[in-house]
Amino acid sequence: MTPKEKAEELVERFLPYSDYNECDVFTERENQFKNAKHCALICVDEILEANEKISLKDLRETMQTNDILCQLTDNAMYWQEVKQEINKM
């Protein structure tokens, strides 16, 4: 799944749970969408933070350290792109 597709999926999944605030400037749907985007960004930030917490000490105990580091780097880059796509929406 591309980062753009994942961004759209996350925002769409949060829509039913995002409340809206009454406001003259935005419609109910616009507020729900804005809140869903905010929830999706929190989700992505949590994924990125969890990715950073994997310590090198834990990786050194495995035989495939380089492979795991490459996967973590690719994973972090993917989620950064997802975050950018959510912000573009």
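Tabulated results
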read-out	value
Long-range neighbours under 7 Å by Cβ, at least six apart or interchain, first residue within 17 Å of Met1 (Cα to Cα) within region 50-79, second modelled with pLDDT under 75 and assigned to a helix (DSSP H, G or I)	none
Helices (runs of 4 or more DSSP H) enclosed by region 1-84 - at least 1 residues per element that are modelled with pLDDT of 70 or more	3-14, 28-53
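The values are calculated or read from the model by the stated rules, or taken from the named source; none is laboratory data. What you are looking at is a predicted structure, and each value in this text was computed from that prediction instead of being measured. Please note: Cβ atoms are built from the backbone with ideal geometry, for glycine as well, and neighbour counts cover all protein chains shown.
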